[in-house]
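The next block holds one structure in the form of structure tokens; read it before the comments.
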């Protein structure tokens, strides 16, 4: 299978994170005593795709990973993955953009013609 330029240029931390995700999926499946055949059937994917996901293959779609996590009962973690409340860098940037002072708007003057 051919990989795209984007997949070939993945930063090392991304590659490591995908491998860890795949390994964690494999451990969760085995702890539950689910065979690869049954897991693939429940996730509506092929065994080959499951094996690729468990290896952390970046060519496996996010939807496939989501289906696998659903079968394992781990969907809540997926939903919170990019939660803004857990984004310290974004929160810091937002705080830096806050105005230093807030001025009360002046009331319009009455009796003056424009």
Evaluate the distance, in nm, between pseudo-label points positioned 7 Å from the Cα of residue 76 and of residue 8 along their respective Cα→Cβ axes. 4.3 nm
Taking the mean number of other Cβ atoms within 10 Å as a proxy for protection, how do you rank 71-79, 51-59 from highest to lowest? 51-59, 71-79
Full extension from residue 98 to residue 62: what is 0.36 nm times the residue separation minus their Cα-Cα distance, to one decimal in nm? 9.5 nm
Radius of gyration and Dmax over the Cα atoms of the chain, both given in Å: 24.1, 83
Roughly speaking, what is the centre-to-centre gap between the stretch 4-50 and the stretch 51-114 when only Cα atoms are used, to the nearest Å? 25 Å
Expected 222 nm ellipticity per residue - DSSP helices of 4 or more, -39500 (n - 2.57), all of the chain, to 500: -16500 deg cm²/dmol
What one gets for the stretch 66-114 as the Kirkwood radius, inverse of mean 1/r over different Cα pairs in Å, is 15.7 Å
Roughly what angle does helix 88-97 make with the longest principal axis of the chain, taking Cα atoms, 0 to 90 degrees, to the nearest 10? 20 degrees
At R0 = 25 Å the Cβ-Cβ FRET efficiency linking residue 51 and residue 83, nearest 0.05, sits at 0.25
For the stretch 13-79, compute Rg over Rh where Rg is the Cα radius of gyration and Rh is the Kirkwood radius from the inverse mean 1/r over Cα pairs. 0.92
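Values quoted throughout were computed directly from the atomic coordinates according to the rules given, and no laboratory measurement underlies them. Because the structure is a prediction, the values reported are computed rather than measured. Positions of Cβ are generated from backbone atoms using ideal geometry, with glycine treated the same way; all protein chains shown enter the neighbour counts.
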